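Read through the structure below, which is laid out as structure tokens, and then see the notes.
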């Protein structure tokens, strides 16, 4: 059984974790690391990582990478920027790191994603496209870590 001070501390930690999550969502394109995020809420990096994972299911760095890739997916579907421009616009420091992380999370390279997105989404409203192509958690494990992939496209004959 937890005591009242333990519950109060947990609520304070959850409030701070929400601030970190909001900061990642807002500043995903900025150079962020776990140490900087932890310093912003006066926690140690280790404590922040453990508590963030407990609260949100993934460590803060993974959450940041997922946000960056989601934004990149949107920009790739738009089609008006080069892959290199998108890489730097979403906060990656190198094209190689961007391509590797994107491929791990989405299952294909950014260039291939753009080709498939342009071919497969003609006439689909952006609000529907965003929902359908969002990376979702898979149950399979690859290289000892959980990967994301796009949500499956709905069967066009069912609508």
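All of the numbers you see were taken from the coordinates with simple rules; none came from a lab. Being a predicted model, the structure only gives us computed values, none of them experimental. Here the Cβ positions follow ideal geometry from the backbone for every residue, glycine too, while neighbour counts run over all protein chains shown.
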How much length is gained on full extension from residue 97 to residue 71, taking 0.36 nm per residue of separation minus their Cα-Cα distance? 7.8 nm
For the residue 14, residue 85 Cβ pair and Förster radius 30 Å, calculated FRET efficiency rounded to 0.05 is 0.20
Determine, from the Cβ-Cβ distance of residue 36 and residue 7 and an R0 of 30 Å, the FRET efficiency 1/(1 + (r/R0)^6), rounded to the nearest 0.05. 0.55
